[in-house]
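The values are calculated or read from the model by the stated rules, or taken from the named source; none is laboratory data. Predicted model only: the values in this text are computed from it and were never measured. Every residue, glycine as well, gets a Cβ built from its backbone with ideal geometry; the counts of neighbours run over all protein chains shown. These area figures cover heavy atoms from the full protein model, side chains too; ligands, DNA and RNA do not enter into them. Shrake-Rupley method; radii C 1.70, N 1.55, O 1.52, S 1.80 Å.
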Amino acid sequence: MNPTNSATKKAYIPSPEQLVSAAKLITSFDLMTSAVNEDGEQVEDLKPKEVYNPVLQRFYQCVAQRALDPAHPISVVDPAIDKLVKPNERLVSQAAPALEAFAASFPLQKSEAAAKLEQRSYWRDQLQDAARDVTLDSYTGGSGAAGQKTPRRLSRDLAMDLSIEKLIASGVTAVGSVTPVKDFEEMMQRRDVDLVIDAVTQLRKRIMQLINDSIQDTYYGKTLECVVALRKGCVMEDEFQQFNTMLQDMRFQFENKTRNKFWQLVVEKGLSLIHNQECVDSPITPKDSAEYLGKPLAAAVVSDMPKAEEPGVEQLFDMIE
């Protein structure tokens, strides 16, 4: 975690006091003076040339004993090996004040915002729910008195089919224009490779393309389904900024303009900004989200979010029917 990194979330940036306590904790575990030699002098501990793998050393010790005597019992751990697997009591005692100060600087407390959040739903949960919803009436074939599989076997087979066929075998890597929602969901479901950011970015571009390519309202229905799927996916994967920024872009470009009819569909559907009871790091409150679609455009721009960019020349030509 780098507090100077602009990508670090505000909630994760440590305070100056926390940085000081962390620095003191690291200094208190200085190995340069943590050992004492035969003369009672403080010397460096855990020198690389004196450190070995305790697991291998113990294994070799036991093998050597059994090679000489197959009936030799497992002996106690050699003190030299035992020393490497236990903390340095002198060093831990010396660092105790720094440890206590560090713990006090990072108190653990229950987050009220997190407590209000509903249990998050993951893609794998949807797969399991789909498997549970299938009944015997929806499946034919297999074995049994009625030529059908048991519900347990049915659910397992369906889950296997979904996880193998949908998550890996399909190998979807792009959101197409024919079935964009299906492509997006399959990319989000993949676990062999992380395509969440790619899926969200591509669906955002596909939404804007479908709106601008639509002859009157031809593609509006399909595009609205894409917006619904994008919002749902962004909530699940904590990518609220992606959706909220796109929503502001859409409003700036379409409200009371050529594509105003599509924007009104978004308003009727209630697809507002993702708030902090859906994604805890979102700067948008539930009240702001509820009021966003009804406010005038000038008053609805959220200051904590990147402002929507004005469309360029090419975008303006694309918006002309």
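With the full set of protein chains in place, find how many percent of the accessible area of the range 9-99 is carbon and sulfur; take the probe as 1.4 Å. Carbon and sulfur: 63 percent of the exposed surface of the range 9-99.
May I ask for the net charge around Ala174, where only other residues with Cβ less than 14 Å from the Cβ of Ala174 are counted and Lys, Arg are +1 while Asp, Glu are -1? Taking every other residue near Ala174 into account, the sum is +1. For the peptides 254-265, 70-81, 224-235, residues were scored by their other Cβ atoms within 10 Å and the scores averaged per peptide; the highest-first order is 224-235, 254-265, 70-81. Summing charges over all other residues whose Cβ lies under 14 Å from the Cβ of Ser105, with Lys and Arg as +1 and Asp and Glu as -1, gives -1. Loop-located trypsin sites (Lys or Arg not before Pro) in the range 178-213 (DSSP state other than H, G, I, E, B) with a sparse environment of at most 14 neighbouring Cβ atoms within 10 Å: Arg191.
As a ratio to 2.2 N^0.38 Å, the alpha-carbon radius of gyration for the range 61-106 is 2.01. Listed cross-link partners Lys10/Lys295; Lys24/Lys83; Lys49/Lys86; Lys182/Lys222 are compared with a 23 Å cut-off, the Cα-Cα value being larger for Lys10/Lys295; Lys24/Lys83.
Under the rule a/c < 1.5 gives rounded, and otherwise a/b versus b/c splits prolate from oblate, where does the range 9-80 land using the Cα gyration tensor? Judged from the Cα gyration tensor, the range 9-80 comes out oblate (a/c at least 1.5, b/c at or above a/b).
Rg and Dmax over the alpha-carbon atoms of the range 211-274 stand at 11.5, 34 Å.
Probe of 1.4 angstrom, ligands and nucleic acids ignored: what's the accessible area per residue over the range 215-289, in square angstrom? Spell out each step's value before the answer.
On the way: 3130 Å² over 75 residues.
I get 42 Å² per residue for the range 215-289.
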